[in-house]
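Asks: Right, I'll just put the structure down here and ask away after.
Where a number appears in this text, it was derived from the coordinates with a stated rule and is not lab data. Bear in mind that the values here come from a model prediction, so they are computed numbers and not experimental data. All Cβ positions, glycine included, derive from the backbone under ideal geometry; neighbour counts span all protein chains shown.
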Amino acid sequence: MLASLSPQSARINPPQIVTEPPLLRAHGIVRRYGRRIAVDDVSLDVYAGEVVGIVGESGSGKSTLLRVLNLEETPEAGSYRLRAAPKLYETDLLSLGRFEKRTVQIHHIGVVYQNPHLGLRMRFSSSGNVAERLLIAGERSFAALREAARESLSASEFPIARMDDPPRVLSGGMQQRVQLAKALALKPALLLLDEPTTGLDVSIQALVLDTLKRLQRERRLAIVLVSHDLGVIRTLADRVMVMRDGHVVESGLTDQILDDPQHPYTQQLVHAKL
Amino acid sequence: MTALSSLTAPQQPYSYGYLDAHAKRELRRRMLKAIAVPGYQVPYASRELPIARGWGTGGLQVTLALVGPESIVKVIDQGADDSVNAANLRRFIARMSGAATTTDAVAATLLQSRHRIPEERMREGQVLILQVPDPEPLRAVQPDMSKSAQMHADADYGQMWLSLYEQLVRFKQYIQGASYPSLVNGRHIISPSPIPRWDTPKLHLASHLTILSAGREKRIYAVPPYTTVAPLEFSDVPFQVEDQSGRACRTTGVRNRFMNEIPQTDGTSQFELSDSGYAEKLANGIMPASTYYDENGEFYHAGILKPAVRPD
């Protein structure tokens with residue numbers, strides 16, 4: 001029976017009971033901007049190979065939470081652990097110094113922003129953008145950098161013939177693929193996606209989502225996906241967290257939340273259609 | 001009756017060496033700090049001078065703080081002693097300090113230079129003062145100065161190779177013409193002023209002291225004698241100096257020196273020694289001192305310059 005399946009579908013792991021501890025464990029995150037509380041006591045567990053979607057309107061704190069998870073911002077309270085390397089889980093990442101934070105960020109966390117200008121150097125070559133991660137991690141062989149860039153770009157289905165074109169001459173979908181290749185260049189355990197397909201037209205959006213889904217399955221990536229597009233959430237996410245004014249108002253399995261929302265705000269969000 | 005004037009020091013329009021005593025003391029302290037931490041950019045209060053910022057005020061302040069009546073000063077601009085800027089600075093330094101001037105790189109004790117390090121090997125006790133327009137090597141990859149200061153503190157220099165990567169991708173070789181980033185003493189990356197790649201290895205384990213000063217950006221940094229200076233390179237694509245083979249000086253006929261290209265009306269080019277002090281010695285039949293590069297273009301420290309590799 002299994003032998004008759006194509007190799008593509010044979011790679012998909014059957015559902016299993018999760019016995020291992022979560023890869024990402026963030027607890028009680030509080031982030032204030034002056035008197036305004038952007039994220040108020042949010043906790044989040046993500047297991048390896050799981051996609052957690054965060055939905056909510058603009059200003060609900062979802063992007064701030066993502067920046068905290070990417071160690072770009074230090075929250076006022078909370079703890080954050082990542083089971084990405086043997087010793088790493090014992091330390092609270094938020095207590096690390098600047099340099100250690102950066103090392104963790106480079107090696108274990110990949111990020112794709114909505115706006116490619118935030119994540120890419122527009123005037124450098126696409127392959128150089130991907131190679132930058134390896135350079136920061138200490139790779140100094142030009143041949144190895146080329147090979148890694150080629151491998152990572154082809155994994156994110158970027159046409160290799162254009163690998164030395166700068167992102168500014170590429171289309172939006174291509175730019176997102178370069179960002180994805182850059183994020184995955186060092187094979188991180190955790191991938192953070194901040195509205196990765198917003199602003200792309202629907203057909204390109206579907207292609208980028210396909211690539212994301214495939215990479216997530218192949219590499220057993222843990223993904224935290226921030227989006228206000230419920231279609232994207234439904235396609236990718238296993239679990240959903242609904243945020244409003246810095247609080248989590250509802251969380252659960254994607255189907256459960258999107259088909260049978262309990263909280264009035266979630267009901268409003270799910271039924272809001274143009 | 002004693003005249004009051006005979007009891008006071010004769011009035012002078014300027015203090016010795018133009019800068020006031022406090023300025024010179026500050027500059028000397030900053031220089032000592034720069035020497036103590038090779039390659040680290042020390043901020044200083046850049047003084048007003050009777051030349052405009054960008055015309056060598058950084059170098060001039062260092063020279064004026066170091067010069068004494070017994071000093072012998074050489075000023076180089078683009079390799080030449082006779083350009084307007086070099087002549088102007090040299091005359092000013094001599095007038096303000098009473099120091100002797102020369103065009104001979106071996107005889108000089110203080111050499112202020114823009115763009116070049118002399119072809120003849122400098123010796124212990126000499127000070128080379130380089131004028132720097134932009135001291136921050138990280139500027140190309142990190143425009144935020146507070147972030148680049150953090151990167152220097154963390155020795156977080158990975159991104160510097162990104163510009164080299166781009167050069168290799170586009171041109172299959174390092175093409176950066178000047179200010180080639182180099183790692184000093186295994187710790188700080190410096191932008192060694194706009195000297196050509198040809199001159200960059202001359203800083204490595206040099207016998208002389210090099211002080212680099214940026215007047216507009218208010219930064220001093222130094223390469224002390226016998227300090228390692230490693231131009232950045234990929235492990236599989238070694239650093240290269242400009243190829244001077246096939247170029248002969250049109251007046252002296254020497255080869256394997258850094259040449260100025262002189263375009264001709266028929267579209268061809270002729271070449272001329274860039275180091276005018278060295279050319280002057282050759283023209284007058286004076287035996288020059290030993291040079292950094294020999295007649296075959298071999299560098300005096302063996303094994304520093306490796307054969308070229310073109311990546312595919």
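Asks: Going by average Cβ neighbours within 10 Å, how do the peptides A:151-161, B:157-167 rank, with the highest at the top?
Replies: Highest-to-lowest ranking by the protection proxy: B:157-167, A:151-161.
Asks: Rounded to whole Hz and in sequence order, give me ³J(HN,Hα) for segment B:50-63 from the Karplus expression 6.51 cos²θ - 1.76 cosθ + 1.60, θ = phi - 60°, writing x for Gly and Pro.
Replies: x, 10, 7, 3, x, 10, x, 5, x, x, 5, 5, 5, 4
Asks: In peptide B:161-173, what is the residue-averaged number of other protein chain Cβ atoms found within 10 Å of each Cβ?
Replies: 5
Asks: If you don't mind, another one. Rounded, prolate or oblate: which fits segment B:57-206, taking a ≥ b ≥ c as square roots of the Cα gyration tensor eigenvalues, rounded meaning a/c under 1.5, else prolate when a/b beats b/c?
Replies: It comes out prolate by the Cα gyration axes.
Asks: Related question: At 7 Å along the Cα-to-beta-carbon direction for both residue B:155 and residue B:37, put a label point, then send me their distance in nm to one decimal.
Replies: Reported label-point gap for residue B:155 and residue B:37 is 1.4 nm.
Asks: Quick one: Karplus J couplings for segment A:67-81, per residue in order, coefficients 6.51, -1.76, 1.60, θ = phi - 60°, nearest Hz, x for Gly and Pro?
Replies: 5, 5, 5, 8, 6, 7, 10, 9, x, 6, 8, x, 10, 8, 10
Asks: Write down Rg/Rh for segment A:201-274, rounded to two decimals, with Rg from the C-alpha atoms and Rh from the Kirkwood relation over Cα pairs.
Replies: Rg/Rh for segment A:201-274 comes to 0.99.
Asks: Which order do peptides B:2-13, B:179-190 fall in by mean Cβ count within 10 Å, highest first?
Replies: Taking the mean over residues of other Cβ atoms within 10 Å, the ranking is B:179-190, B:2-13.
Asks: Across segment B:305-310, in residue order, what do the Karplus-derived ³J(HN,Hα) couplings come to in whole Hz, using 6.51 cos²θ - 1.76 cosθ + 1.60 with θ = phi - 60° and x for Gly and Pro?
Replies: With the stated coefficients, segment B:305-310 comes to 9, 9, x, 5, 10, 9 Hz.
Asks: Where does each of B:198, B:55 land when they are ranked from fewest to most other beta-carbon atoms within 10 angstrom?
Replies: B:55, B:198
Asks: Still on this structure: How large is log10 I(q)/I(0) at q = 0.06, 0.10, 0.12 Å⁻¹ when the Debye formula is applied to the Cα atoms of the protein assembly as shown, each weighted equally and without solvent?
Replies: Log10 of I(q)/I(0), two decimals: -0.45, -0.92, -1.13.
Asks: Only Cα pairs within less than 10 Å get springs; with that Gaussian network setup on chain B, which residue of B:260, B:296, B:85 has the largest fluctuation?
Replies: Its mean-square fluctuation being the largest, the pick is B:296.
Asks: Pick from A:108, A:263, A:247: which is most flexible by mean-square fluctuation in a GNM of chain A where alpha carbon atoms under 10 Å apart are linked?
Replies: Maximum among the listed residues: A:263.
Asks: Here's a follow-up. Lys and Arg at +1, Asp and Glu at -1: add these up for the other residues within a Cβ distance under 11 Å of residue B:216 and post the number.
Replies: Summing Lys/Arg as +1 and Asp/Glu as -1 gives +1.
Asks: If you place +1 on the Cβ of every Lys and Arg and -1 on the Cβ of every Asp and Glu, how big does the dipole about the Cα centre of segment B:21-231 come out, in debye to the nearest 20?
Replies: 380 debye
Asks: Tell me the angle of helix B:21-36 to the major Cα principal axis of chain B, expressed in degrees between 0 and 90 and rounded to the nearest ten.
Replies: In chain B, helix B:21-36 runs at an angle near 30 degrees to the longest axis.
Asks: Also: Gap in Å between the Cα centre of segment B:279-312 and the Cα centre of segment B:200-257?
Replies: 12 Å
Asks: Please list the non-local residues whose amide H lies under 5 Å from the amide H of residue B:227, H modeled 1.01 Å from N, same-chain partners needing a gap of 5 or more.
Replies: Under 5 Å from the amide H of residue B:227 lie the amide H atoms of B:205, B:206, each far enough along the sequence or on another chain.
Asks: To continue, here is another question. With a ≥ b ≥ c the root eigenvalues of the C-alpha gyration tensor of chain B, is it rounded (a/c under 1.5), prolate (a/b larger than b/c) or oblate?
Replies: In terms of gyration-tensor shape, oblate.
Asks: Which FRET efficiency value, to the nearest 0.05, do you get for residue B:14 and residue A:77 by plugging their Cβ-Cβ distance into 1/(1 + (r/R0)^6) with R0 = 60 Å?
Replies: Calculated value: 0.45.
Asks: What does the average come to when, for each residue of peptide B:233-246, you count the partner chain Cβ atoms lying within 10 Å of its Cβ?
Replies: 2
Asks: Would you calculate, for chain A, the mean residue ellipticity at 222 nm contributed by helices, counting each DSSP H stretch of 4 or more residues as -39,500 (n - 2.57) and dividing by all residues, to the nearest 500?
Replies: After summing the helix terms and dividing by residue count, I get -11000 deg cm²/dmol.
Asks: For peptide A:120-130, how many partner chain Cβ atoms fall within 10 Å of a residue's Cβ, on average?
Replies: 3
Asks: Rounded to the nearest 0.05, what FRET efficiency do residue B:284 and residue B:178 have when you use their Cβ-Cβ distance and R0 = 30 Å?
Replies: 0.50
Asks: Shape of chain A from its Cα gyration tensor (a ≥ b ≥ c, root eigenvalues): rounded if a/c is under 1.5, otherwise prolate when a/b > b/c, or oblate?
Replies: Note, shape of chain A comes out rounded.
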